[in-house]
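Only one structure is covered here, and it is reproduced in the block below.
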Amino acid sequence: MLKLSEVKPTVLKIGGSVITDKSGELAARTEVINRLAEEIGKAGVKNLIIVHGGGSFGHPTAQKYGIKDGLKEDSQKVGFAETHHVMTVLNGLVMDALVWHGVPAVSVTPSSCIITESGRMKLFEETIVEMLLKMGITPVLYGDATLDEKLGFTILSGDQIVSYVARKFNACRIVIGVDVDGLYDADPKEVKNAKLYTHLTLRELKDAQGKLGKSTSSDVTGGMLGKIIELIPAVEQGIPVTVVNAAKPNHIYKALIGERVEGTIIRKE
Ligand code: IP8
């Protein structure tokens, strides 16, 4: 039987706003996806789990058909299928880049191994992820349209998956790649003098929650605020979170190899 590596996993989230252009629809940033795949390959992190977001693939489709609030009428069923499908298309682009950059990465489809209840992960068939990790293969998951015991279906954010798998597999850290330099005391895209937090404790994070922006674009899972709310239980479990700007070359690479890079570090205390 394979044994879980001594090294605790690192969970990397790549935001949809980084790998897609959220002002468009189905607008992938292929050059960014390629650069990030190269950085991930170069960093060579042992025991890595990757999760990516939906950006201009998942969110506009989910919003168009009201998928997050669940099944209310038959006409939404094709929207559920379409939302899942466009996520597989984006995931395909990510997988393509990772594999061609020599990363032993395998896609794990969330809607085929996760069931939610009122939007919260209830059942996760984790054997596949566990076996991949034991073999030194990187599982890649993503925000998806999933089946829900109460709602019929819903949208599961990549951030909820990140927090769940980090706790489940006792991760040593979470690295979150977004399209700004970290967490600010106001939305840096709207407020010119927004101040970047470099370090936050759990207490400070909870106090700062009210200041973090909800996403301005069609983000059905709550933007930066939604992201942070999801991460709190992982930080509570002692897993440090680093938020860096993945749109800037080498920031993800440096964060992955543990080099200091501009961004926000969140620790329990
Ligand atoms: O971008 C949402 O994932 P997120 C995925 O991580 C869909 O919030 C399908 C909208």
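The values are calculated or read from the model by the stated rules, or taken from the named source; none is laboratory data. Computed from a prediction, not measured in an experiment: that's the story for all the values here. Counting neighbours? That spans all protein chains shown, and the Cβs are built from the backbone with ideal geometry, glycine included.
Which pairs have Cβ atoms under 6 Å, sit 6 or more apart or on different chains, and link a residue in segment 150-171 that is more than 10 Å from Val11 (Cα to Cα) to one that is among the acidic types (Asp, Glu)?
Lys150/Glu117; Thr154/Asp148; Leu156/Asp144; Asp159/Glu230; Gln160/Glu230
Can you list residue pairs whose Cβ atoms sit under 6 Å apart, with the first residue in segment 173-185 being charged (D, E, K, R) and the second being modelled with pLDDT of 95 or more and in a strand (DSSP E or B)? Count only pairs 6 or more apart in sequence or on different chains.
Arg173/Thr10; Asp181/Asn245
Looking at Lys211, Lys192, Lys206, Lys268, which is the one that is within 30 Å of Glu130 (Cβ to Cβ) and not polar (S, T, N, Q)?
Exactly one of Lys211, Lys192, Lys206, Lys268 is within 30 Å of Glu130 (Cβ to Cβ) and not polar (S, T, N, Q), namely Lys268.
Can you tell me how many residues within segment 122-178 are assigned to a strand (DSSP E or B), charged (D, E, K, R) and away from the ligand (no atom under 12 Å from the Cβ)?
3
Could you list all residues from segment 65-80 that are part of a helix (DSSP H, G or I) and away from the ligand (no atom under 12 Å from the Cβ)?
Asp74, Ser75, Gln76, Lys77, Val78
Give all pairs with beta carbons closer than 6 Å in which a residue from segment 51-62 that is on the phi < 0 side of the Ramachandran plot meets a residue that is part of a loop (DSSP other than H, G, I, E, B) and within 6 Å of the ligand (Cβ to nearest atom); count only pairs at least 6 apart in sequence or on separate chains.
Once the first residue is on the phi < 0 side of the Ramachandran plot and sits in segment 51-62, its partners that are part of a loop (DSSP other than H, G, I, E, B) and within 6 Å of the ligand (Cβ to nearest atom) give Gly53/Gly143; Gly54/Gly143; Gly58/Gly143; His59/Val220; Ala62/Val220.
Scan segment 30-64 for residues that are within 16 Å of the ligand (Cβ to nearest atom), assigned to a helix (DSSP H, G or I) and surrounded by 19 or more Cβ atoms within 10 Å (Cβ to Cβ) and jot them down.
Scanning segment 30-64 gives Val32, Ile33, Leu36, Gly55, Ser56, Phe57, Gly58, His59, Pro60, Thr61, Ala62.
Applying the selection to segment 64-101, what residues are within 20 Å of Lys150 (Cβ to Cβ) and in contact with a helix residue (DSSP H, G or I) (Cβ under 8 Å, 6 or more places away or on another chain)?
Tyr65, Gly66, Ile67, Lys68, Leu71, Gln76, Gly79, Phe80, Thr83, His84
Show the residue pairs meeting these rules: Cβ distance below 6 Å; 6+ apart or different chains; first residue within segment 226-239 and under 14 Å from Glu269 (Cα atoms); second residue away from the ligand (no atom under 16 Å from the Cβ) and in a helix (DSSP H, G or I).
Close Cβ pairs (under 6 Å, with a partner that is away from the ligand (no atom under 16 Å from the Cβ) and in a helix (DSSP H, G or I)) amount to Ala234/Arg167; Val235/Leu202; Gln237/Arg167.
For segment 81-116, what are the residues that are assigned to a helix (DSSP H, G or I), over 16 Å from the mean Cα position of the chain (by Cα) and among the polar types (S, T, N, Q)?
Thr83, Ser112
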